[in-house]
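Engineer: Mind looking over this structure? Questions follow.
The values are calculated or read from the model by the stated rules, or taken from the named source; none is laboratory data. These numbers were taken from a predicted model, which means no experiment stands behind them. Methodologically, a virtual Cβ is constructed for each residue, glycine included, from the backbone with ideal geometry; neighbour enumeration extends over all protein chains shown.
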Amino acid sequence: NEQKEIEILQNYLPEQISEEEVRKLIKETISQTGASTIADIGKVMGTLMPKVKGKADSTLVSNLVRTALSS
C-alpha cells in the first residue's frame, strides 16, 4: 500500500535530472559566468539553481560546483 502511494506521488514530482546532466550544466554555467575560483560559487549557484530547481538536490549541486571550481 505504501509502495502504491509512493508511485502515485512520483507521477506528480518533476523529472529528476542525472548527476551527469548536472555536471554538464555546471560546466556551461561556469563558462557563461566566467567563474574561476571558489569565491565565484555564489555567481554560479545563482545562475544555475533556477535551471535545476526541483530537478536536482541542491546539496548535490552545491558540492559538484565546489568540486568543479576547486579543480
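Engineer: Run down Lys4, Lys43, Lys27, Lys51 and say which single residue is in contact with a helix residue (DSSP H, G or I) (Cβ under 8 Å, 6 or more places away or on another chain), loosely packed, with under 13 Cβ neighbours inside 10 Å, of a type in the set (D, E, K, R) and in a helix (DSSP H, G or I).
Structural biologist: Numbers: Lys4 fails: in contact with a helix residue (DSSP H, G or I) (Cβ under 8 Å, 6 or more places away or on another chain); Lys43 fails: loosely packed, with under 13 Cβ neighbours inside 10 Å; Lys51 fails: loosely packed, with under 13 Cβ neighbours inside 10 Å.
Of the residues listed, the single one that is in contact with a helix residue (DSSP H, G or I) (Cβ under 8 Å, 6 or more places away or on another chain), loosely packed, with under 13 Cβ neighbours inside 10 Å, of a type in the set (D, E, K, R) and in a helix (DSSP H, G or I) is Lys27.
Engineer: On the given criteria, is Ile6 on the phi < 0 side of the Ramachandran plot, of a type in the set (A, V, I, L, M) and at pLDDT below 95? First the steps, then the outcome.
Structural biologist: Details: on the phi < 0 side of the Ramachandran plot: yes; of a type in the set (A, V, I, L, M): yes; at pLDDT below 95: yes.
Yes.
Engineer: Say we look at region 56-70 and pick out the residues that are of a type in the set (Gly, Ala, Ser) and farther than 15 Å from Gly34 by Cα; which of these is surrounded by the most Cβ atoms within 10 Å (Cβ to Cβ)?
Structural biologist: Narrowing region 56-70 to residues of a type in the set (Gly, Ala, Ser): 56, 58, 62, 68, 70.
Filter again for farther than 15 Å from Gly34 by Cα, leaving 56, 58, 62.
Working: Ala56: 21, Ser58: 13, Ser62: 15.
Among residues in region 56-70 that are of a type in the set (Gly, Ala, Ser) and farther than 15 Å from Gly34 by Cα, the one surrounded by the most Cβ atoms within 10 Å (Cβ to Cβ) is Ala56.
Engineer: So Glu21 passes all but one of these: (1) exposed (fewer than 11 other Cβ atoms within 10 Å of the Cβ); (2) under 11 Å from the mean Cα position of the chain (by Cα). Which condition number does it fail?
Structural biologist: The single condition Glu21 does not satisfy is (1).
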